[in-house]
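A quick write-up on the structure given underneath.
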Amino acid sequence: MIDCESAYYLATDAVVVHRQLHTFVGAALAGVATSLLLLGARRVLGRERAWFEARSPAMRAEGSSVGLVVGAMTGALTHPLFDGVMHRDIEPFQPWTAANPLQGAVGLGALHLGCLLAGLAGGVLLAVRR
């Protein structure tokens, strides 16, 4: 959801493509909106209880209201953190400051490797749980 903002500005050839949603305030609002959309979609589908009860307890926790909100907010709030390290046009602490102390805090190679390893670890954990 957050990168839809960047996609729009890239499509319009804007110089600055990371704007309001790439701040912690904007990301938090995007996380709340995503949480509400996920909860609403689950309710509209009407299969929530039967579908999740047929799965493992871990799947029930992930698909619970708390699990959906925690997942959406974690994804939203880490987005400006990781993007702040690698993109120069991000001002993650707006409206308080235009500074980006995250820029270059970790080398790009290390950041990508860390994300790759975290994804692999998550994949292994999901495989083990199933």
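The values are calculated or read from the model by the stated rules, or taken from the named source; none is laboratory data. Please read these numbers as outputs of a predicted model, since none were measured by experiment. Here the Cβ positions follow ideal geometry from the backbone for every residue, glycine too, while neighbour counts run over all protein chains shown. Surface accessibility is based on the protein's heavy atoms, side chains included, excluding ligands, DNA and RNA. Shrake-Rupley method; radii C 1.70, N 1.55, O 1.52, S 1.80 Å.
Inspect region 22-31 for any residue being more than 25 Å from Ala99 (Cβ to Cβ) and either crowded, with 19+ Cβ neighbours inside 10 Å or touching a Lys or Arg at 6+ places or on another chain (Cβ under 6 Å) (or both) and give the result as yes or no.
no
Taking the condition modelled with pLDDT of 95 or more and surrounded by 17 or more Cβ atoms within 10 Å (Cβ to Cβ), does Ala76 pass?
Spelling it out, Ala76 is indeed modelled with pLDDT of 95 or more and surrounded by 17 or more Cβ atoms within 10 Å (Cβ to Cβ).
Give region 5-21 a look and list any residue that's surrounded by 15 or more Cβ atoms within 10 Å (Cβ to Cβ) and either free of Cβ contacts under 8 Å to residues at least 60 places away in the same chain or assigned to a helix (DSSP H, G or I) (or both), or say none.
Glu5, Ser6, Tyr9, Arg19, Gln20, Leu21
From the list Ala118, Ala98, Ala110, pick out the single residue that is among the small types (Gly, Ala, Ser), assigned to a loop (DSSP other than H, G, I, E, B) and open to solvent by 50 Å² or more (accessible area, probe 1.4 Å).
Ala98
So, in region 61-95, exactly how many residues are assigned to a helix (DSSP H, G or I) and either of a type in the set (A, V, I, L, M) or over 26 Å from Arg129 (Cβ atoms) (or both)?
15
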